[in-house]
1. Give the residues of the stretch 404-446 that are within 24 Å of LYS306 (Cβ to Cβ), in a helix (DSSP H, G or I) and open to solvent by 10 Å² or more (accessible area, probe 1.4 Å), sorted by residue number.
2. If we keep just the residues of the stretch 158-186 that are in contact with a strand residue (DSSP E or B) (Cβ under 6 Å, 6 or more places away or on another chain) and not in a strand (DSSP E or B), which is modelled with the highest pLDDT?
3. Among (1) open to solvent by 10 Å² or more (accessible area, probe 1.4 Å); (2) part of a helix (DSSP H, G or I); (3) modelled with pLDDT of 90 or more, which single condition is LEU282 missing?
4. Residues in the stretch 448-463: is at least one of a type outside the set (A, V, I, L, M, F, W, C), open to solvent by less than 40 Å² (accessible area, probe 1.4 Å) and in a loop (DSSP other than H, G, I, E, B)?
5. Which condition number in (1) assigned to a strand (DSSP E or B); (2) crowded, with 18+ Cβ neighbours inside 10 Å; (3) in contact with an Asp or Glu (Cβ under 9 Å, 6 or more places away or on another chain) is the one that GLY370 fails?
6. Looking only at the stretch 464-500, which residues are among the hydrophobic types (A, V, I, L, M, F, W, C) and either open to solvent by 40 Å² or more (accessible area, probe 1.4 Å) or in contact with a Lys or Arg (Cβ under 7 Å, 6 or more places away or on another chain) (or both)?
7. Could you run through the stretch 11-31 and say how many residues are open to solvent by less than 10 Å² (accessible area, probe 1.4 Å) and over 27 Å from LYS129 (Cβ atoms)?
8. Can you tell me which residue in the stretch 501-534 is most open to solvent (accessible area, probe 1.4 Å), limited to those that are more than 23 Å from ILE395 (Cα to Cα) and touching a strand residue (DSSP E or B) at 6+ places or on another chain (Cβ under 6 Å)?
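The values are calculated or read from the model by the stated rules, or taken from the named source; none is laboratory data. Because the structure is a prediction, the values reported are computed rather than measured. Using ideal geometry, Cβ is built from the backbone for each residue, glycine included, and neighbour counts are taken over all protein chains shown. Ligands, DNA and RNA are excluded from the accessible area calculation, which covers all protein heavy atoms including side chains. Shrake-Rupley method; radii C 1.70, N 1.55, O 1.52, S 1.80 Å.
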Amino acid sequence: MAAQATIREEIDRRRTFAIISHPDAGKTTLTEKFLLYGGAIQTAGSVKGKASDRHAVSDWMELEKQRGISVTSSVMQFCYEGYCINILDTPGHQDFSEDTYRTLMAADSAVMVIDAAKGIEPQTRKLFKVCAMRGIPIFTFINKLDREARDPFELLDELETEFGIGTYPMNWPISCGASFKGVYDREKECILTFDNFHGGRNRLEAIECPISDREKLEKLIGDRLAGELIEQIELVDVAGYEFDIDRVRAGKLSPVFFGSALNNFGIEPFLESFLKMTSHPLSHTDAASGQTVDPFCEKFSAFVFKIQANMNKAHRDRIAFMRICSGKFERGKEYFHVQENKNIKLSQPQQMMAQEREVIDEAYAGDIIGVFDPGIFSIGDTVCDPSMKVRFSGIPTFAPEHFAVVEQIDSMKRKQFAKGMNQIAQEGAIQMFTFPGAGMERLVVGVVGMLQFDVLKFRMDSEYGVGYRQENLPHQYIRYVKNSPKPISELNLMSQTRHVCDLKGNDLLIFVGEYEIDWAVDKNPGLELAEFGRNEAE
């Protein structure tokens, strides 16, 4: 019983969350400030700083450092105030939304970072919908109050209208931009004053000041701002939502914090409140039986949500990232790989700090571990205790919207070309198709966003030493051929419709426009087409 209690205690202190935002809202900067407080790093790198050659610790790929954007999800673990925290830092750019989607499947809650001047942006909207679909708690950090910003009431109203959830401001900004004085903590009835130069070196001391103490407020922030703050807090108290922790944990009420990640203002109070409000790791569902898998169950279970090759140039290996759903993982123990239907030992189990690794002997539900993948894992695979035989739901695949023919240049590098394309495709970064009867020298590559083609070219060159020719195609739609009345070469199709096969040998058609899909179905009675991704689930 003592060992079981230890497992429960370890799981209970886990917090696993993703940070999501539109590009340049300050997501990576916020992540680094969390790591500073946890002692995981000593100095925060500047994502785009020209004065220094340091870079964001969560951006490990060379291309990310060059462009100043995150293009893959990073995993970071650190401890703070007795909690063991797993942060999943996601790409903000919409071209990498598929990677973000998969990462959100491994998170128990989400921190949404919003630029105070811009409000909700397209990518934020998409990512929120994924969180809402899963019903996970969403915490909002409205960033960049040290710059000119929109009215806070407008921002809250936009959040409520766009997302259909309630908001509860935990603190309230005292002006913005050049006149930004800090924030008022509603719960503690105190003011955190903004000092642009403290840089997080000293802990911010809260100044107790009830909103009713006008005289003290005026001394701290001046007559005009004191008057504005009193009016605004009264309005929030009367017209705003009441705080309800159950609604927060059900994803129906988003606690909102105002601050400045770059200046390290308001980050520590946000982190502390967030950790108190979030719950221990959530349960997951066995797709086969429909039963809930309790995270506190002592038997280990996990699913693969990400695969990444060549994270470390010195190793040139391939890592499968697993979210532990229940129990305790132990190094050297045999586990059951459901999709392969055999027992395996998870080799070189590691926990991550971006590209930095540490070999571990144990891990618990809520943790993210990386294991060496010799090519046996796919995204969505389940690994569990042999006596458990649970199978978690697969992770849906996004249909590619852009296609290109990719052809190797140097015939002497055929093996490197095939290896690189296969490994990057298995990561889920691209979709790879072949022409019927053709080899691997000339492929059709499908991606969700055009920037993924740039990443592919960069990685093939830097990691595999291979260049290739690329011819972009006008096609935008792809469908599985579920049933065909005759050989596909004999179907009545429009001239631009192309027949391709996936790596499992399934037949697919790619189309320039929806009118081509209608034509194919109308002109070929008995032809059945299926949406991309559904075929694998079936």
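1. GLN416, ALA418, LYS419, ASN422, GLN423, ALA425, GLN426
2. The extreme case among them is MET170.
3. (2)
4. In the first step, residues of the stretch 448-463 are kept if they are of a type outside the set (A, V, I, L, M, F, W, C); the result is 449, 452, 454, 457, 459, 461-463.
If we keep only those that are open to solvent by less than 40 Å² (accessible area, probe 1.4 Å) as well, we get 449, 452, 459, 463.
Within this subset, residues satisfying the condition of being in a loop (DSSP other than H, G, I, E, B) are 449.
Among the residues of the stretch 448-463, at least one is of a type outside the set (A, V, I, L, M, F, W, C), open to solvent by less than 40 Å² (accessible area, probe 1.4 Å) and in a loop (DSSP other than H, G, I, E, B), which makes the answer yes.
5. (3)
6. Matches in the stretch 464-500: VAL466, LEU493, MET494.
7. Looking only at that region, the number is 1.
8. GLU528
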